[in-house]
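Bear in mind that the values in this text are calculations on the coordinates, not laboratory data. Remember, predicted model here, so these are calculated numbers, not experimental data. FYI the Cβ positions are ideal-geometry reconstructions off the backbone, even for glycines, and counts take in every protein chain you see.
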Amino acid sequence: MKFKYLTIALSMLLINFNIPVFAKDHNNHHEHKEMKGGEVTSKSIYQLDSKWLDQNSKKIKLKDFSGKPVILTMLYTGCTKSCPIIIGHLKSFYDSLSNEEKNKVNFVVVSFDSKRDTPKNLKKFTDKNKLGKSFYLLNGSDDSILEIASLSRKNLTKESIINKEL
Amino acid sequence: MKFKAYKKTLILALFSIFFSLASYSNSSESNMVLVKGSKFIPPFTLEKNFKEFKIKSFLIDKYPVTKKEYLNFIKNNPKWQKDKIPSVFADDSYLSDWSNSLSIDTKKYNEPVTYVSWFSAKAYCNSKQKRLPTTLEWEFASYEEKSEDLDWYWKPQVKNIPFVGKNNSNSKGINDFHNLVWELTYDFNNSVINEDNREISGTIQKVDAFCGGTGNFKDKKDYPAFARYSFRSTLKSDTTLNSLGFRCAKDL
């Protein structure tokens with residue numbers, strides 16, 4: 001039952017971000033087979049080869065998340081307006097899942113702020129917000145961030161987002 | 001003694017500037033032009049008030065990238081050939097004017113390459129240790145005190161695009177910023193001009209309520225700038241078009 005909600009929430013987020021869906025290729029409507037981990041379609045965001053560090057300073061590539069549904073969001077920890085709401089929603093959703101369900105999904109939070117949101121700061125943020133173990137908070141280069149933002153079709157740059165609030 | 005050391009440093013600094021400038025003119029950057037940094041107010045802003053930006057000196061390609069140059073790039077980087085490129089990086093019309101993945105009519109070699117996406121343009125520039133210019137840099141490098149003949153913007157030519165170098169170089173020594181193709185910039189998705197941009201400063205002004213749509217432009221009669229900013233805001237990172245090309249830039 002809870003999984004039904006997960007699917008709804010997931011599709012809402014993916015539509016919201018307009019990111020080519022992670023595990024399935026939407027162009028292949030007739031071929032609805034589930035992807036196995038490691039397979040990457042031509043339309044997938046996993047084609048991005050960018051390198052990231054998570055809140056534990058572990059090296060990570062987006063492809064590493066393949067095989068499980070991902071809820072991806074972008075924010076930065078110095079943000080005081082919409083970001084606490086976003087993270088709050090994600091957290092309460094995560095907390096509502098059973099342990100088994102928690103293992104079946106990844107929550108990927110990409111920071112816009114490559115400079116200030118170091119893995120160390122992301123770790124602090126993770127602890128402060130008591131985010132569970134399926135959360136991956138990512139720090140990457142401005143270019144890697146822009147690539148994801150551009151796929152999400154959000155009109156975002158540091159200039160327009162971060163500087164406004166700080 | 002102190003003065004001597006200072007003098008020495010100064011001479012060294014002058015020498016290094018001289019040599020670095022000299023090397024720009026005979027290395028792979030020979031087709032790049034040095035754009036000297038300056039203060040610049042871009043023609044469009046999302047803010048209420050116009051902000052002056054300080055632009056650092058940079059290099060920019062004298063011409064848009066040609067089909068021949070792009071062919072060499074995809075020969076060395078097969079991932080970006082049209083039958084191999086992941087569809088997340090370019091839409092279906094990527095290089096659609098190429099007869100097959102690795103050939104194009106030699107007569108077209110000097111045409112600007114078009115039907116390329118932001119991702120592919122970025123990859124091209126990176127392969128040359130360059131990058132796409134930012135919108136600010138592009139607008140600055142192309143800006144002219146004296147207004148030019150910019151008829152192209154009223155009716156952008158999308159078929160039979162002429163060779164690069166069609167237009168005389170501007171006051172900075174750079175060609176074809178206008179009147180050839182639209183050009184991708186690194187942060188093309190920075191400015192947002194939506195269908196109804198009258199409320200950009202929070203309130204609808206009486207005059208704007210009728211003509212609207214121009215948002216915060218420095219000169220509301222600057223149609224070419226309006227066209228460029230609007231055009232960029234319609235792009236996505238996988239968009240490819242017959243009239244959309246690019247050139248690269250580089251830090252000093």
- Does the stretch B:143-164 contain any residue that is buried (at least 18 other Cβ atoms within 10 Å of the Cβ), under 21 Å from B:Lys62 (Cβ atoms) and out of contact with any Leu (no Cβ under 9 Å at 6 or more places or on another chain)? no
- Could you please give the count of residues in the stretch B:87-108 that are of a type outside the set (Asp, Glu), within 16 Å of B:Val65 (Cα to Cα) and surrounded by 15 or more Cβ atoms within 10 Å (Cβ to Cβ)? 5
- Under 7 Å by Cβ, and 6 or more places apart or on different chains, what pairs join a residue from the stretch B:31-54 that is in a loop (DSSP other than H, G, I, E, B) with one that is aliphatic (A, V, I, L, M) and surrounded by 12 or more Cβ atoms within 10 Å (Cβ to Cβ)? B:Gly37/B:Ile55; B:Pro42/B:Leu136; B:Pro43/B:Ala225; B:Leu46/B:Val192; B:Phe50/B:Ile41; B:Glu52/B:Ile41
- Item | First in the stretch A:57-70 and within 16 Å of A:Lys102 (Cβ to Cβ), second anywhere and surrounded by fewer than 13 Cβ atoms within 10 Å (Cβ to Cβ) and among the charged types (D, E, K, R), Cβ under 7 Å, 6 or more apart | A:Gly67/A:Lys36
- Could you list, in sequence order, the residues of the stretch A:80-89 that are part of a loop (DSSP other than H, G, I, E, B) and either within 18 Å of A:Val70 (Cβ to Cβ) or of a type outside the set (Lys, Arg) (or both)? A:Thr80, A:Ser82
- Going through the stretch A:138-153 one residue at a time, which ones are part of a helix (DSSP H, G or I) and either of a type outside the set (A, V, I, L, M) or free of Cβ contacts under 8 Å to residues at least 24 places away in the same chain (or both)? A:Asp142, A:Asp143, A:Ser144, A:Leu146, A:Glu147, A:Ser150
- Which condition breaks for B:Asn175 when tested against (1) in a loop (DSSP other than H, G, I, E, B); (2) farther than 25 Å from B:Phe73 by Cα? (2)
- Task: Kindly list, by first and then second residue, each pair from a residue in the stretch B:162-188 that is within 15 Å of B:Tyr229 (Cβ to Cβ) to a residue that is in a loop (DSSP other than H, G, I, E, B) and acidic (Asp, Glu), limited to pairs with Cβ atoms under 8 Å and residues at least 6 apart or on different chains.
- Result: B:His178/B:Glu148
- Message: Looking only at residues that are hydrophobic (A, V, I, L, M, F, W, C) and within 20 Å of A:Pro69 (Cα to Cα) in the stretch A:90-126, which one is farthest from the chain's Cα centre (by Cα)?
- Response: A:Leu97
